[in-house]
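Chemist: Quick one: structure below, then a few questions.
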Amino acid sequence: HVLRLGHCVLNVTDFRKSEAWYKQRFGLVTSDEIALDEETALGAFMRCGRGAQYVDHHTLFLLGTGNPGFNHAAFEVSGIDDLMSGNSHLQAKGYAHEWGVGRHILGSQIFDYWRDPWGHTVEHWTDGDLFNNETPPNRQGLETLLGVQWGPPPPPTLGS
């Protein structure tokens, strides 16, 4: 039972330029910025700025890959039972499994990644963190971005 499209991930040419554009036009705020080193940011998980109202950890993730493009779409499902039922269903139909089942460190979503018939990455997720204006932004490294609380490590081809 898919509830909604929960978030999208976009690969961007210039992360800081794209970040400013989305923040200025849509009022997004940073939940977690991903840093390569002390000075260089690779991307950021951004959420809707709704003041005291709690919202998803992220609605958009911008990833500065140097090449613009669609990375993946993520659909929220009703719960772990639906996520596992979807996993079994897609597996039985012979679709390409990409990563999961696991729990992300950033955002805490339980996730499962698949490829659609055209090669696009599609994520099913449930049980993510909720933030509001009292939740400060964080700065994290690549190991935290790709890390899991439990589940398999990411494949080297993730999102390619």
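Chemist: So which strands (runs of 3 or more DSSP E) stay within the stretch 5-92 end to end and still have 3 or more residues that are more than 21 Å from Phe131 (Cβ to Cβ)?
Modeler: It comes to 69-77.
Chemist: Confirm whether Gly51 is open to solvent by 20 Å² or more (accessible area, probe 1.4 Å) and either touching a helix residue (DSSP H, G or I) at 6+ places or on another chain (Cβ under 8 Å) or free of Cβ contacts under 8 Å to residues at least 24 places away in the same chain (or both).
Modeler: Spelling it out, it is not the case that Gly51 is open to solvent by 20 Å² or more (accessible area, probe 1.4 Å) and either touching a helix residue (DSSP H, G or I) at 6+ places or on another chain (Cβ under 8 Å) or free of Cβ contacts under 8 Å to residues at least 24 places away in the same chain (or both).
Chemist: Turning to a different aspect of this structure: Being closer than 22 Å to Asn11 by Cβ and part of a loop (DSSP other than H, G, I, E, B) is the filter here; which residues of the stretch 121-140 pass it?
Modeler: Matches in the stretch 121-140: Gly128, Pro137.
Chemist: What is the one condition in (1) open to solvent by less than 30 Å² (accessible area, probe 1.4 Å); (2) touching a Leu at 6+ places or on another chain (Cβ under 7 Å) that Phe75 does not satisfy?
Modeler: (1)
Chemist: Consider the stretch 31-40. How many of its residues are open to solvent by 20 Å² or more (accessible area, probe 1.4 Å) and either basic (Lys, Arg) or touching a residue at least 24 places away in the same chain (Cβ under 8 Å) (or both)?
Modeler: The qualifying residues number 2.
The values are calculated or read from the model by the stated rules, or taken from the named source; none is laboratory data. All values reported here derive from a predicted model rather than from experimental measurement. Neighbour counts run over all protein chains shown; Cβ positions are idealised from the backbone, glycine included. Surface accessibility is based on the protein's heavy atoms, side chains included, excluding ligands, DNA and RNA. Shrake-Rupley method; radii C 1.70, N 1.55, O 1.52, S 1.80 Å.
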